[in-house]
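Peer 1: Before anything else, here's the structure in question.
Read the figures in this text as sums done on the coordinates, not as results from a lab. Bear in mind the structure is a predicted one, so any value in this text is a computation, not a measurement. No Cβ is skipped: glycine too gets one built from the backbone with ideal geometry, and neighbour counts run over all protein chains shown.
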Amino acid sequence: MYDAMRMIRITLAGVAMLLAALACSANPIQVVEPGQVAPDQTGGGSSNGAGTIASNAPSGETARVVRVVDGDTIEVDLNGETVSIRYLGMNTTERGETCYSEGRDANAALVQGQTVTLVADEEDTDRYGRLLRYIYVGNTFVNAELVRQGWAEAVMYEPNDAHWQDLIALEQAAASANRGCHAISDLFDDDTY
């Protein structure tokens, strides 16, 4: 009983945060229902049929995805150079861990071969030299979509926090609905947000 009440409170809090963030955001995230296309959307889409996260994509660098490394890392052709990109605000499981293949495949379904917009936050690179970016395919906010589908968890990589509240709310909703990895195991059930 306690766990059920806790999940209801978490869900309600997440919905409230998402609504507040959307109301205040100059660049709102919206869910586009299956069969609909977000305005100016050029690609992407949900692999689970539950809609797609769409947003008015901000300006950034444009690149073409040449390789999906895993659920939160891609390689892109950026101005003729192959560059590794680490997604901001989220994390997926590592090779050999539960849900690794599913997260990688969900990422590939959204970005493989696509032209993407790479949007920076506060830090440019991580300790491995990868560019740190939010990824958009058309108006689909890929980082948020992977969290919403349940293939990724929201993770704060300070000081990069531009979408933190939105990502928390999306993870809570995915957990409540048992989407993606949340249906496979409790690996994201760590209350780290």
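Peer 1: With charges set only on the Cβ (+1 for Lys and Arg, -1 for Asp and Glu), what does the dipole of region 63-193 come to about its Cα centre, in debye to the nearest 20?
Peer 2: Using only the charged Cβ atoms, the result is roughly 540 debye.
Peer 1: By average Cβ neighbour count within 10 Å, what is the ranking of 149-155, 110-116, 81-87, 92-98 from highest down?
Peer 2: 149-155, 110-116, 81-87, 92-98
Peer 1: Relative contact order of region 79-142: what whole-number percent is it, with Cα pairs under 8 angstrom and at least 6 residues apart?
Peer 2: Across region 79-142, relative contact order equals 38 percent.
Peer 1: Take the Cα radius of gyration of region 76-193 and divide it by 2.2 N^0.38 Å, with N its residue count; two decimals is plenty.
Peer 2: 1.03
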